[in-house]
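The values are calculated or read from the model by the stated rules, or taken from the named source; none is laboratory data. Remember, predicted model here, so these are calculated numbers, not experimental data. Every residue, glycine among them, receives a Cβ derived from its backbone with ideal geometry; neighbour counts consider all protein chains shown. Side chains are part of the model used for accessible areas, which takes the heavy atoms of the whole protein and leaves out ligands, DNA and RNA. Shrake-Rupley method; radii C 1.70, N 1.55, O 1.52, S 1.80 Å.
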Amino acid sequence: RPVALQARALSRYHGDFTVLDGIDLEIRKGEKIAILGPSGAGKSTLIRCFNRIEVHDSGTLSINGQVIDRNTDLVKLRGMVGLVFQDYNLFPHLSVLDNCTLAPRIVRNAAPVDARNLALEFLEKVGIAEQAGKYPAQLSGGQQQRVAIARALCMQPEIMLFDEPTAALDPEAISDVKNIINDLCAAGITTVFVTHEMGFARHVADRVMFMDCGKILETAPATSFFHSP
Ligand code: ADP
Ligand code: ADP
């Protein structure tokens, strides 16, 4: 399978503090990767560098073999690499449907009817189409999470990043997120998720990367990672 995402000696600093310390990784198309590690390890920062919401200070990052740097077209990059934020970041003043159609209409110049049909298709896929007319504040955390996923999918990304997708979800919603990620994988979409839920990582990921202090300390298939002594 082709390499979807590659980092070489990727580093990021905040003043004197090293947040990412020479990250090397390779993720192949269609893989499901869990990034584990303690709070403050740099997990969020790493995935945020993947769509350049945060910017690495040194090293190289490439997506589909294309180097990501200051010359990268960010609109194109973020269309290709979707991010579902931990706190969802939905637009509070827009309905669920409008949350989903905004970017395709503005960034892709999609016709309103096309944007709407696409949004309804993805809202259906994540099981929340009947809430299309509601506003984010009227939804539970699990429902908002689904909207955030549908919104990201409306840009038809090749890579989906999730920051703590199960934080604050009940077991049923967690199981649904698991199914959604598996469906994305079946559709050839590469997924990378940050989590502290070992059970979730174990049951969803193909491979696990364990981070601490800005470094990847271990990369292993999920099966062997969770069975090592
Ligand atoms: P994780 O997702 O593993 O919890 P983060 O990527 O959020 O870790 O943060 C890694 C480290 O970088 C933390 O110690 C955090 O305090 C620090 N950090 C993150 N953003 C900033 C910032 N803007 N300024 C200073 N330190 C930061
Ligand atoms: P195993 O037989 O590998 O020990 P478990 O008995 O822990 O698996 O779980 C049985 C099934 O329940 C798993 O195949 C998985 O689909 C589901 N499951 C368990 N825990 C979780 C979780 N935290 N998140 C999602 N699915 C889970």
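Summary table
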| item | result |
| --- | --- |
| Single residue of R12, R1 found to be more than 19 Å from the chain's Cα centre (by Cα) and surrounded by 19 or more Cβ atoms within 10 Å (Cβ to Cβ) | R12 |
| Matching option when the condition is farther than 30 Å from S140 by Cβ, under 16 Å from the mean Cα position of the chain (by Cα) and not hydroxyl-bearing (S, T, Y), among L90, L83, L77 | L77 |
| Matching option when the condition is assigned to a loop (DSSP other than H, G, I, E, B) and not basic (K, R), among G133, G142 | G133 |
| Some residue of segment 52-66 being part of a loop (DSSP other than H, G, I, E, B), farther than 22 Å from I23 by Cα and either away from ligand 2 (no atom under 16 Å from the Cβ) or out of contact with any Pro (no Cβ under 9 Å at 6 or more places or on another chain) (or both) | no |
| Index of the failed condition, D206 passing every other in (1) open to solvent by less than 30 Å² (accessible area, probe 1.4 Å); (2) under 30 Å from G59 (Cβ atoms); (3) touching a helix residue (DSSP H, G or I) at 6+ places or on another chain (Cβ under 7 Å) | (1) |
| Residue, nearest to E54 (Cα to Cα), within segment 158-183, restricted to residues that are open to solvent by 10 Å² or more (accessible area, probe 1.4 Å) and away from ligand 2 (no atom under 12 Å from the Cβ) | D163 |
| L77 being under 30 Å from P2 (Cα atoms) and open to solvent by less than 20 Å² (accessible area, probe 1.4 Å) | yes |
| Entirely in segment 170-229, the helices (runs of 4 or more DSSP H) that have 2 or more residues that are farther than 28 Å from K125 by Cα | 222-225 |
